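Quick notes on the structure that follows.
The values are calculated or read from the model by the stated rules, or taken from the named source; none is laboratory data. On a predicted model such as this, the values are computed, not experimentally measured, just so you know. Note: ideal-geometry Cβ built from the backbone for every residue, glycine included; neighbour counts use all protein chains shown.
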């Protein structure tokens, strides 16, 4: 039907007869000459119809925005005064000789241009129209090129693309499962996979050595801008490779993607331990573009009378830390300081203390803050020395349980970086390594920091004796404060796997019931293995500069995990429910 895409025509095509198909982006009538900007996935080209085209000119006069057209004409150079440097096709136009209206269109509910000002709910309801916009076309085309580049890289490194099941069984991976009732097995349910974790480990036991899959995964969890109930994962697993080799291969992949698709050299990724990341940045995915760091001052506060500081300082689970903002006195208003106090409250902080260093040498009158009077002069001096404070600097403080201080000041650090434009580079990748195996819950029980199949860096006996002190052989790749991917060496020994299960409070019976197939597989010559999984949606979001992963997914869900376009999830009829042996429980209000 077409000979060329609209957006690929250039000056080299002048005098060619072409047939184009696409949508009307704009139509203009200039003194008896009709100009139509015709759009397809490759871009826009200007088509000109004049009265010499007879009935085709009359047809062109009837077309409106978003009509679907088939146009035949000759490519010609634009007049010098009509050149458009903002269009890839701006040096040429098509002199139309034939026109066919393939379909008409009603007036669209919102304008399809880069200046769109419409709510996301409307965009998602008419997603098929939203996807016609240049930004969305670019994002999804980039996504396609990215997945092709990923496959090419992994193929050249001898990885095999192997599919794993979508219908599986529920496993504890940190989020709720989406359950699928079985019609043929009454009262039983499949679960949609949160990841292909166990299947890819079994592929290693099966001897496939290097596996990858661009896999759909599902998690029924509360949503944020970078979360979706269904998402896409670049899943990788290898046998007979250690952490260094796996990290080298996957780091090379990301460097190749940035070089190939964006012309960016990322270089070698620095490494930081989980402990240092939390200590200095308050986050296990620190944004290294921001030069601010948290400094521990707990030891300086144990003897002060100010209980807001001395209480957490004396608490073994407490933390007192500070962030110095160079030149912050002149860059932040009192209103902004008050707003930052409210901001850290989101993370559980009870307030945000600060000191303005007006005159570093004058410890009596050169420091401005409501809390200065509670700090002895020698403590003030020690704080300024440790933070290397200078005149004009602003110091923020956090004092509470260690988790609250880390989260609150870590988030404040990122907000300051954004508000004050403190970024020192465009891209800042790194590896975070040496994660703890477990974290303690409020009730004293333990949770796997990654997942229960992660290998520890100690023996089974050492793990049982001191589980909270055990480190894992895990590693996360971070870019600009976003976790791109997480991975680890896996447990390939049945005894170690059962120790981890017991540590997590999973009984022998539950181990057999939920993981018997894995424990059995580990008895039959399971090789040392490990891998990593990347969030494809997050990677595309970062590389395209999008604000949300919803802008890089063709048909995403809302933050309430609904599809407003198809009105899903929806109800099903009584017959289907009977076939599945399901009876819906009426809400108490409806019974009344």
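Applying the selection to the range 328-373, what residues are part of a strand (DSSP E or B) and either surrounded by 16 or more Cβ atoms within 10 Å (Cβ to Cβ) or under 29 Å from the mean Cα position of the chain (by Cα) (or both)?
Scanning the range 328-373 gives 353, 354, 355, 356, 357, 367.
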### Task
Report yes if some residue within the range 10-19 is without any contact (Cβ under 8 Å) to a residue 40 or more places away in the chain, in a strand (DSSP E or B), within 23 Å of residue 64 (Cβ to Cβ) and more than 36 Å from the chain's Cα centre (by Cα); otherwise report no.
no
### Qualifying position, being closer than 30 Å to residue 247 by Cα and more than 22 Å from the chain's Cα centre (by Cα), among 158, 117
158
### Query
Quick one: which of 106, 98 is over 26 Å from the mean Cα position of the chain (by Cα), surrounded by 12 or more Cβ atoms within 10 Å (Cβ to Cβ) and not in a helix (DSSP H, G or I)?
98
### Only one of 106, 100, 114 that is touching a helix residue (DSSP H, G or I) at 6+ places or on another chain (Cβ under 7 Å) and either at pLDDT 95 or above or more than 30 Å from residue 56 (Cβ to Cβ) (or both)
114
### Tabulated pairs, the range 43-59, first in a loop (DSSP other than H, G, I, E, B), second at pLDDT below 90, C-beta under 8 angstrom, 6+ apart or interchain
50/32
### Message
Considering only the range 161-169, I want to know if a residue exists there that is in contact with a strand residue (DSSP E or B) (Cβ under 8 Å, 6 or more places away or on another chain), modelled with pLDDT under 95 and under 24 Å from residue 556 (Cα atoms).
### Response
yes
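Could you say whether any residue in the range 235-247 is under 17 Å from residue 166 (Cβ atoms) and surrounded by 15 or more Cβ atoms within 10 Å (Cβ to Cβ)? Give the steps one after another, and end with the answer.
Of the residues in the range 235-247, the ones under 17 Å from residue 166 (Cβ atoms) are 235.
Those still in the list that are surrounded by 15 or more Cβ atoms within 10 Å (Cβ to Cβ) too: 235.
Looking through the range 235-247, at least one residue is under 17 Å from residue 166 (Cβ atoms) and surrounded by 15 or more Cβ atoms within 10 Å (Cβ to Cβ).
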### Message
Here are the criteria: (1) buried (at least 19 other Cβ atoms within 10 Å of the Cβ); (2) in contact with a strand residue (DSSP E or B) (Cβ under 6 Å, 6 or more places away or on another chain); (3) in contact (Cβ under 8 Å) with a residue 40 or more places away in the chain. Tell me which single one residue 287 does not satisfy.
### Response
(2)
### Task
Report, by residue number, each residue of the range 430-468 that is more than 27 Å from the chain's Cα centre (by Cα) and either in a loop (DSSP other than H, G, I, E, B) or free of Cβ contacts under 8 Å to residues at least 12 places away in the same chain (or both).
442, 443, 444, 445, 457, 458, 459, 461, 462, 465, 466
